[in-house]
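Presented below is the structure to which this report refers.
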Amino acid sequence: MTIAPAAVAAPLIELNHACVVRGQVRVLHELNLRIEQGQHTAILGPNGCGKSSFIKLITRELYPLARADGPVPVQVLGQTRWQVDRLRSQLGIVTGDLSSNLADMPGLSVEEAVISGFFASYVVPAHRDVTDAMRQRAREALGLARALPLLGRSYAELSAGETRRVLIARALVNQPRALLLDEPSTGLDLISRQHLIDTMQHLAQQGITLVLVTHHIEEVIPEIARVVLMKGGRIFADGPREQLLCSAPLSEVFGGPIEVREEAGRLTAWVQGEL
């Protein structure tokens, strides 16, 4: 009997000369990037470098320039066409915009906020039934995101740090293959940021692929071995963390003298001297 070779998993994200224009401005220039499933990756760069446009390109809020021939510019998990709800069931997406939209929903509980992830909506649709299995999955996702004690709370009364963990649980409820985290620590105090970092480490250790998009070097947990630096809508460098999360490349990307220190896998960065 001949045994067929095991199927090779499609890349989580694959960009081939992807360009994006907003208005009259080209915001992404010829991006070539391949992120494999299981490959924790940080996309790092200053404000205005194109990180937000990259997120919107993956989530189909922006579309690449079409071309007549050559490879397809954007593929997610090997597919070129996605329904948004299907995409979110395979690639959990956590953004600040989602947090604001959920907070505007009157009377929304934490449980309802998480369960709404099943329906790719801000609330549970009136015509859809919530099953016991869904409620159990919501509890499991909250536990995985270390947010189960928040179950009985109102979403609108949560702190910024608590909402991040609930958003992660909402993304996890569909049991996606990976999480795409867009600037997850924005607005968090030091303790809340540490809770978030601990949660990211826990998820990575559970086998959930993390793609972290940030300008905070401190968020790049030890489990993230690959770093992609962006500058001016282009990929400036792509390689191992030990080569790129150091003073010379970061100073060039951020446009100033940056010093970096790593202790027990934890990074800190600061500006050296006057600008």
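Quick one: 3J(HN,Hα) in Hz for region 135-152, Karplus 6.51/-1.76/1.60 with θ = phi - 60°, rounded, Gly and Pro as x.
Here the 3J(HN,Hα) series is 5, 5, 5, 4, 5, 5, 5, 4, x, 5, 8, 6, 10, 4, x, 8, 3, x Hz.
Shape call for the chain from the C-alpha gyration tensor, a ≥ b ≥ c root eigenvalues: rounded (a/c under 1.5), prolate (a/b greater than b/c) or oblate?
Because a/c hits 1.5 or more and a/b fails to exceed b/c, the chain counts as oblate.
Can you compute the modelled spin-label distance between Y63 and Q206, with each label point 7 Å from Cα toward Cβ, in nm?
Spacing of the two 7 Å Cα→Cβ label points: 3.6 nm.
Among D238, D69, which comes first, then next, by fewest other beta-carbon atoms within 10 Å? All intermediate terms of the calculation are to be shown ahead of the outcome.
Values: D238 16, D69 4.
By the 10 Å Cβ count, ascending, the order reads D69, D238.
Return the calculated 222 nm mean residue ellipticity for the chain, to the nearest 500 deg cm²/dmol, obtained by summing -39500 (n - 2.57) across DSSP H runs with n ≥ 4 and dividing by the residue count.
Computed mean residue ellipticity for the chain: -8500 deg cm²/dmol.
Give, in nm to one decimal, the length gained when the segment between A10 and A237 is fully stretched (0.36 nm per residue of separation minus the Cα-Cα distance).
79.4 nm
Tell me whether region 122-163 comes out rounded, prolate or oblate; compute the Cα gyration tensor, take square roots of the eigenvalues as a ≥ b ≥ c, and use a/c under 1.5 as the rounded threshold.
Here region 122-163 falls in the oblate category.
Could you give the nm distance between label points at A133 and R261, where each point is 7 Å from its Cα heading toward the beta carbon?
Output for this residue pair reads 5.2 nm.
Only counting other Cβ atoms within 10 Å, I'd like D198, D182, D132 sorted with the fewest neighbours first.
Placing the least packed residue first, the sequence is D132, D198, D182.
With label points built 7 Å along Cα→Cβ from the Cα atoms of E140 and R81, find their separation and express it in nm.
Going from the E140 label point to the R81 one covers 3.2 nm.
Using every Cα-Cα pair within region 91-194, state what percent have a distance larger than 17 Å.
So the portion of pairs separated by more than 17 Å is 46 percent.
Only the coordinates and a few stated rules stand behind these numbers; no lab work does. Please read all numbers here as calculations on a predicted model, not as lab measurements. We place every Cβ from the backbone using ideal geometry, glycine too, and count neighbours over all the protein chains shown.
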